[in-house]
2 protein chains.
Amino acid sequence: MTRIGYRSTGRPTLNEVARLAAVSPITASRALRGVATVAPELVEKVRAAAQSLGYVANPAARALASAFSQTVVVLVPSLSNQLFIETLEAIQDVLRVRGLDVVIGNYHYSPEEEEKLLRNHLVNRPRGILLTGFDHTPAARQMLETSGVPCVHMMELDARRGAYCVGFSQQQAGAEAARHLLGRGRRRLTYMAAQLDPRVLQRGAGFRQVLEEAGVFDPQLQVMTREASSIALGGELFARLLDEHPDVDGVFFCNDDLAQGAALEALRLGITIPERVSLVGFNDLPGSAHMVPRLTSIRTPRQAVGQRAAQLLLGLLDGITQESQVDLGFELVVRQSS
Amino acid sequence: MTRIGYRSTGRPTLNEVARLAAVSPITASRALRGVATVAPELVEKVRAAAQSLGYVANPAARALASAFSQTVVVLVPSLSNQLFIETLEAIQDVLRVRGLDVVIGNYHYSPEEEEKLLRNHLVNRPRGILLTGFDHTPAARQMLETSGVPCVHMMELDARRGAYCVGFSQQQAGAEAARHLLGRGRRRLTYMAAQLDPRVLQRGAGFRQVLEEAGVFDPQLQVMTREASSIALGGELFARLLDEHPDVDGVFFCNDDLAQGAALEALRLGITIPERVSLVGFNDLPGSAHMVPRLTSIRTPRQAVGQRAAQLLLGLLDGITQESQVDLGFELVVRQSS
């Protein structure tokens, strides 16, 4: 069957789509390709027209012409930590209206695994890359530089020239936790840290510095393990800590799951919170506000980090000059546990 | 600079890669394209050779030739529920060694949003699709059928001919929870359900049927809300339920976050668990084993579902005939709360 205005193959043309959507063919093309300057409403209109006509663009031909795919690669160190899920959702929300697919890679906190993922994904020439932090292997750094693929770093800030990043000062967050616990009259303080990725260590450095300045830092009390952070681990480490150092009166946790586990273990052990020990968590994960007692925590802007990082990447793709460092800050949320 | 064995552009050829990896050019090509019959070890070897030579395949040309991308689209109803994260990780692990990228779409439990995602993604002609459950709009069903893209459904089973699926019987899981609570001598039983997606309703149907057979079903006690499941909601609904129906002696929750919230609220209210009320959760999420008291829950095979669904999809891509229904079962884990 041949229809007027259709290709000899019987497939509808871009002109048909443009006519139905009441836009110019140029706009229809730009809308389907996800060009920045087309309003999201128009993109939806053109897509709806394309769908109702059964118009299917040939993405392979399009990619061959542009030598780029329509993919943005996002690498995160973990998916089992609730932390990165909100970030990823926000990224997808921003990039989807531009017609960009998000490919998520999880490197399980291993820079070597991150390097491997980068190598595999760069072969497909993504439109952009979003990375977590700055802890890359030298080979990964080199690949990123030579690839020329626009890249934005998330979660940490870094003063290095030319590195685009969206995050907050992990060190200042640790310092804030220490100041809060000191303000509560606590003196036997410890940082309970798992995973020991660079951001966990930066928070620890900020915490330690404030304790040292106050003359109360005791290296004997610090708990550091490479194990993955979890509720189970938090309970276990907390019980051991209080057994070995019964005079500990304040704990800052590198992640809220540890703090939740500690609070539950304290209930089981009859250790009164905050009377005997004050607890301060990090990230303000779901559940912390409902723990017994409700947990004090440092709320991190995970969602905003994803949103701004994706917007920064789009700005780079469009050649719009932007500030390279976006500091979104953090917030100490004081509840019953401290 | 021109090097022997290199293209006139100075870029290395596939033949160079094959020689370095000590395989035939055909195998090198198949390895880089992610063809099934090449062993994962060989794929890694060829990729390493390609990388060390700086060989970059032209994926656009490849895609034009095959008329298919190297992408598998996975649609899940939620990313904020820990439930689907393990599933997605397992899927990525299986597909990555085949050189397939996973694109994740989140439709926030809205079949209309799922339809929209399908429409957008099918334009790019993915290699395969993994869907959650069978609750699709008629338009989505039609797109799936006419697209010819291989599709596997996860989490639910369905006897419909030709629908490939990997999951377990949600209804039997609900029935198991009811039998367990009845076995504990509980008679004033309720199902506390949020979200009300099809799988939540199937679990409720199984729960109800067993209570009806035992002659103890009381519709007055059932708690059903379309709100999203969360720890906060669990605490709130549980407090209200016990206030209105102080004689309730057993609750089955559609998801563990509700059960965790209820257990924490019970602590605050001085309601003894399980003496006064038995609690049974669903999914056995992280934390449930460490709650006060430790929660009884039905453990679901999220990771295995992802793994088997991805393997089933690969089997379809390779034209290997496979069983269309994979029932992975579930497990009641009895702890202190019941």
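FYI, it's all coordinate maths here, none of it is from the lab. Keep in mind that what you see is a predicted model, and the values were worked out from it rather than measured. Using ideal geometry, Cβ is built from the backbone for each residue, glycine included, and neighbour counts are taken over all protein chains shown.
Quick look at the values:
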quantity	calculated
Nonlocal amide H pairs with B:Val216, under 5 Å, H built at 1.01 Å	none
Positive-end extreme of charge dipole, the range A:188-338 - chosen from A:Ser324, A:Leu285, A:Phe252 (charges on Cβ)	A:Leu285
Karplus-derived HN-Hα couplings along the range B:174-189 (A = 6.51, B = -1.76, C = 1.60, θ = phi - 60°), whole Hz, x at Gly and Pro	x, 5, 4, 4, 5, 4, 5, 5, 4, x, 8, x, 7, 10, 9, 10
Gyration tensor over alpha-carbon atoms, the range B:12-56, equivalent ellipsoid semi-axes in Å	15, 10, 9
Counted charge near B:Leu237, where neighbours are those whose Cβ lies closer than 10 Å (Asp, Glu -1; Lys, Arg +1)	-2
Against the rule of thumb 2.2 N^0.38 Å, how large the Cα Rg of the range A:152-211 comes out	1.27
Choice from A:Met192, A:Met155, A:Met143 showing the highest fluctuation, given a GNM over chain A with Cα pairs closer than 10 Å	A:Met143
Chain B, dipole about Cα centre (Lys/Arg Cβ +1, Asp/Glu Cβ -1), debye to the nearest 20	1520 debye
Dipole magnitude (debye, nearest 20) for the range A:208-338, charges at Cβ of Lys, Arg, Asp, Glu	380 debye
Shortest-first nm distances, B:Arg141 label point to equivalent points in other copies (7 Å, Cα→Cβ)	5.7
Shape box of the range B:96-172 [Cα atoms, principal axes, largest first, Å]	37, 31, 25
Space enclosed by the convex hull of the alpha-carbon atoms of the range A:168-297, per residue, Å³	93 Å³
For chain A, calculated [θ]222 nm from helices alone, where every DSSP H run of n ≥ 4 adds -39500 (n - 2.57)	-14000 deg cm²/dmol
Integer Hz, Karplus 6.51/-1.76/1.60 couplings in order for the range A:105-110, x for Gly and Pro	x, 10, 9, 6, 6, 10
Where N is the number of residues in the protein assembly as shown, Cα Rg divided by 2.2 N^0.38 Å	1.04
HN-Hα J in Hz across the range B:195-207 - Karplus 6.51, -1.76, 1.60, θ = phi - 60°, x for Gly and Pro	6, 6, 6, x, 5, 4, 5, 5, 5, x, 5, x, 4
Cut-off under 5 Å, modelled amide H: who pairs with A:Val333 long-range	A:Ser297, A:Ile298, A:Arg299
Simple Cβ-charge dipole of the range A:12-56, Lys/Arg +1 and Asp/Glu -1, about Cα centre, in debye nearest 20	80 debye
Per-residue average of Cβ from other chains inside 10 Å of B:100-106	5
Signed unit charges on C-beta, dipole axis of chain A, positive-most listed residue A:Gln171, A:Pro126, A:Leu221	A:Pro126
Listed residues A:Asp284, A:Asp256, A:Asp318, most fluctuating in chain A (Gaussian network, C-alpha, under 10 Å)	A:Asp318
Extension gain (nm, one decimal) between A:Ala289 and A:Ala39, 0.36 nm per residue minus Cα-Cα	86.1 nm
Taking only Cα atoms of chain B, radius of gyration then Dmax in Å	24.9, 86
Within a Gaussian network of chain A (alpha carbon springs, distance under 10 Å), most fluctuating of A:Leu14, A:Leu131, A:Leu75	A:Leu14
Crossing angle, helix B:83-96 versus chain B [Cα axis fit, 0-90 degrees, rounded to tens]	20 degrees
B:Ser24 paired with A:Ala159, simple spin-label distance in nm, labels 7 Å along Cα-to-beta-carbon	6.0 nm
